[in-house]
Amino acid sequence: MTIQLLNGLVYGGLLYILSVGLVLIFGLRRVVNFAHGSLFMIGAYIGYSVAVYAGFYAGLAASVVAMAVLGVLLDIGVFRPLQKHDPLLTVLVTFGMLLILEDFARTVWGKDYISVTVPPSLSGNLELFGFSYPLYRLLVIVVSLLTVGGLSAWLRYSAIGLYVRASSADAVTTGMQGVNTDRVSAIVVAVGAALAGMSGVIASPLMALSPSMGGYILVDCFIVVVVGGLSSFGGAFLAAMLIGQIHNFGIVYLPTAASAIPFVLMIAVLIWRPNGFSGKSSA
């Protein structure tokens, strides 16, 4: 039972690191970014390609930097020009980007599944509660907790964090106060894309790399965002941990219905609290 709980925390931690990027981007740009899963996938492939020659940690750093740059380009080239248009147009464009990036991955890395090994320094096991548990999986949990703390501190105590929160609440008024909201938006999208790349690299030793890997996990990420609340970091964390446990225990005890259970939860939450965990109940 304890092992299953820890495995659920591992998957929940990965979901949070990826989902919080969606929350960041939606909070400021009000954009449902369907290309976010492909950023996760491309980040994983970049990390793998660099790790082959320079090691896992270099691959992680390269992926974070590359995805941050791609995030800035995405904001400048897609979100900013389309911000005054129908939101449905941005959804269609980002969905098209997902398909393009998947085809790009097939062209560059091929269609075959690629397995990534855990770095030697993290390949051991740790004695925990009377049983042995992989050290790398524990690291994933720790990284997710550090991400929660780091983002909270950044948004609460830094100047740019103040600008992000102000722009999310009212971008027009914030701009009138002299804040360059376009620059703030580019930073936010860069951070969201970098987190997607980081989660892709961290997940690569736990799941096989494939061009479609982003699409699979993106579904759970959207469930996390909806259940937690579209603009809530705390709600996203709680939802990610809950979905992680449901996903893991579902696979073990209800394998035939495991994929449907998160959707049932989402429907129940939307009926009970349409704004998610972070919102107010409709009752």
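Below, the figures for the structure above:
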read-out	value
Total charge dipole magnitude, segment 54-147, about the Cα centre, Cβ charges on Lys, Arg, Asp, Glu only, Debye to nearest 20	100 debye
Estimated FRET transfer efficiency when R0 is 41 angstrom, pair Leu162-Phe263 (beta carbons, to 0.05)	0.65
Among 239-245, 263-269, the order from most to least packed when residues are scored by Cβ within 10 Å on average	239-245, 263-269
FRET efficiency, Thr256 to Arg183 (Cβ-Cβ, R0 35 Å, nearest 0.05)	0.10
Options (1) 51, 51, 35; (2) 58, 52, 36; (3) 81, 79, 48 - which one matches Cα extents along the principal axes in Å as calculated here	(2)
Inter-site label distance for Asp86 and Ile100 at 7 Å from Cα along Cβ, in nm	2.1 nm
Sequence of His85, His247 once ranked by neighbouring C-beta atoms within 10 Å, starting from the fewest	His85, His247
The chain - percent relative contact order, Cα under 8 Å, separation 6 or more	35 percent
Cβ charges +1 (Lys, Arg) and -1 (Asp, Glu), total dipole of segment 101-182, debye	160 debye
Relative packing of peptides 137-145, 17-25, 149-157, 55-63 - highest average C-beta neighbours within 10 Å first	17-25, 55-63, 137-145, 149-157
Lys, Arg +1 and Asp, Glu -1 on Cβ, resulting dipole of the chain about Cα centre, debye, nearest 20	460 debye
Separation of the Val172 and Ser123 label points, Cα + 7 Å toward Cβ, nm	5.9 nm
R0 of 30 Å, Cβ-Cβ distance Ala54-Tyr113: FRET efficiency to nearest 0.05	0.85
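Taken together, the values in this text are just the output of simple stated rules run on the coordinates, not laboratory data. Only a predicted model underlies this, so the values are computations on that prediction, with no experimental measurement involved. Quick reminder, even Gly has a Cβ in these numbers, built from the backbone with ideal geometry, and neighbours come from all protein chains shown.
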